[in-house]
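To start, the structure itself, in structure tokens.
The values are calculated or read from the model by the stated rules, or taken from the named source; none is laboratory data. Note that the coordinates shown come from a computational prediction; the quantities given were computed from them, not determined experimentally. Here the Cβ positions follow ideal geometry from the backbone for every residue, glycine too, while neighbour counts run over all protein chains shown. The accessibility values were calculated without ligands, DNA or RNA, using every heavy atom of the protein model including side chains. Shrake-Rupley method; radii C 1.70, N 1.55, O 1.52, S 1.80 Å.
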Amino acid sequence: MKTKLIIDASNIREGGGVTHLIELLNNINKNTLKFDDIEVFSNKKTLSKINNQSWITKKTHPWLERGTIFISFWKKTYFERYLKTIKSKAILFNPAGTYTGSFKPHVEMSQNMLIWDTKESDRYGKLSLMKLKFILLHYFQKKAFKNSKGIIFISNYAKQTILKAIKKNPKTSTIINHGVNQKFAEEVKLQYHILDYTKEKSYSLLYISPVTVYKHQLILIKTVLKLYKKGYNIKLNLVGGNYPPYNNILLKELKSDKLYEKVVKYHGKVDYEEIENFYKSSDGFIFASSCENMPNILIEAMSSGLPILSSNYQPMPEFLGEAHPFYFDPTSEESIYQNLIKYLETPSLRHESAINAKLKSKQYTWEECSKKTLEYLYKNLNN
């Protein structure tokens, strides 16, 4: 009997979820295929990024171009009816980790820790629409995980946290790390003392992440401005979309500081194909998030050869290593201030840490991620 892999990517539209889906499918070859057929359901934009292959069938529906409510109706009606018509031996894979229908077997995936971290989701406000969204996602994902044949985690931190919460046998799950695209791989950049930089040629610090509450751009900007006023020739480049309520607070608090537009440059949301240019033109990288699963951006920065000043929240130390010399508490201005000074004033340590981080990044490949994912899905179809 023919075997089929069905991928419900109906909720995947941007960010790391799209990157994972594209790399997962585009790195399949005849030796790693396992299944006779792969069907992928998503919106047209996401499907267009997947390479055309004889074993992949791309499927969509007008409702998948609409909002969450329409996608939910599609899942409960059209998709469920379709699943009941399948005659071949099939398994359903839901990368968003929210399938609550009756089809079996299905494998779920964990990519969003905000669903499981109450303290972090509370940053949006306990009565906000975003908080309500995470409460609903927590309910659906918990149900999906409990009813699944297996769960794919992308970090040990996520696996330990979530399995403890849902009380599920850890033997039914696995850890398959995301990879990093080799287009980000660069030689480690030479590092110089901050005194070697001028106001015209400042040290260029890059932070790629959506501007939102758990990414802590406001406190970071305030610290960078404080250092600039102290004589440190540093500039901060921010790349990523934004959560409007937080962005409005940020702009309101900073508009009175005349140095803001001189020291900080917000580039907005940038296409994935253009991100590598920012790494190439920067001197260093900072990552100030307090809630992650396995941050693609951090692994890309490690591969790029830039020295990294990182949040000390897990899972960042899981990937950079406990011995990494530049960590800080992203919720503390004093911690950011002191560790940014240490970072800027120790160029040899910056360079050494960048070498070590780049070496660690080499273990994360999309080829291996794709191969292990297909093996795990095939195993769960046949066991």
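Quick look at the values:
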quantity	calculated
Members of region 307-326 that are open to solvent by 10 Å² or more (accessible area, probe 1.4 Å), within 26 Å of Tyr192 (Cβ to Cβ) and touching a helix residue (DSSP H, G or I) at 6+ places or on another chain (Cβ under 7 Å)	Gly321, His324, Pro325
Hits in region 122-158 (condition: open to solvent by less than 40 Å² (accessible area, probe 1.4 Å) and under 16 Å from the mean Cα position of the chain (by Cα))	Ile152, Phe153, Ile154, Ser155, Ala158
Conditions (1) buried (at least 17 other Cβ atoms within 10 Å of the Cβ); (2) in a helix (DSSP H, G or I); (3) of a type in the set (A, V, I, L, M): number failed by Val107	(2)
Residue list for region 259-282, restricted to those being surrounded by 15 or more Cβ atoms within 10 Å (Cβ to Cβ) and closer than 14 Å to Ser303 by Cα	Ile275, Glu276, Phe278, Tyr279, Ser282
For Ile175: the one exception among (1) out of contact with any Lys or Arg (no Cβ under 7 Å at 6 or more places or on another chain); (2) modelled with pLDDT of 95 or more; (3) closer than 17 Å to Met294 by Cα	(1)
Search result, residues across region 1-60 that are at pLDDT below 95, within 24 Å of Phe103 (Cα to Cα), surrounded by 14 or more Cβ atoms within 10 Å (Cβ to Cβ) and basic (Lys, Arg)	Arg13, Lys34
Cβ pairs under 8 Å, 6+ apart, first in region 357-375 and under 17 Å from Ile22 (Cα atoms), second among the basic types (Lys, Arg)	Leu374/Lys34
Number of the exception - Ile71 against (1) open to solvent by less than 10 Å² (accessible area, probe 1.4 Å); (2) on the phi > 0 side of the Ramachandran plot	(2)
Index of the failed condition, Lys189 passing every other in (1) of a type outside the set (Val, Ile, Thr); (2) modelled with pLDDT of 95 or more; (3) open to solvent by less than 60 Å² (accessible area, probe 1.4 Å)	(2)
Members of region 19-52 that are in contact (Cβ under 8 Å) with a residue 24 or more places away in the chain, more than 23 Å from Glu65 (Cα to Cα) and not acidic (Asp, Glu)	Asn27, Ile28, Thr32, Leu33, Lys34, Phe35
Condition met for Tyr337 (among the hydroxyl-bearing types (Ser, Thr, Tyr), open to solvent by 10 Å² or more (accessible area, probe 1.4 Å) and part of a loop (DSSP other than H, G, I, E, B))	no
Region 319-331 residues that are closer than 12 Å to Lys342 by Cβ, paired with ones that are assigned to a loop (DSSP other than H, G, I, E, B) and hydrophobic (A, V, I, L, M, F, W, C) (beta carbon under 8 Å, 6 or more apart)	Phe328/Ala288
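Every residue, every condition in (1) modelled with pLDDT under 95; (2) farther than 28 Å from Ser290 by Cα, yes or no:
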position: Ile69; (1), (2): yes, yes
position: Phe79; (1), (2): no, yes
position: Trp116; (1), (2): no, no
position: Lys126; (1), (2): yes, no
position: Leu129; (1), (2): yes, no
position: Ile135; (1), (2): no, no
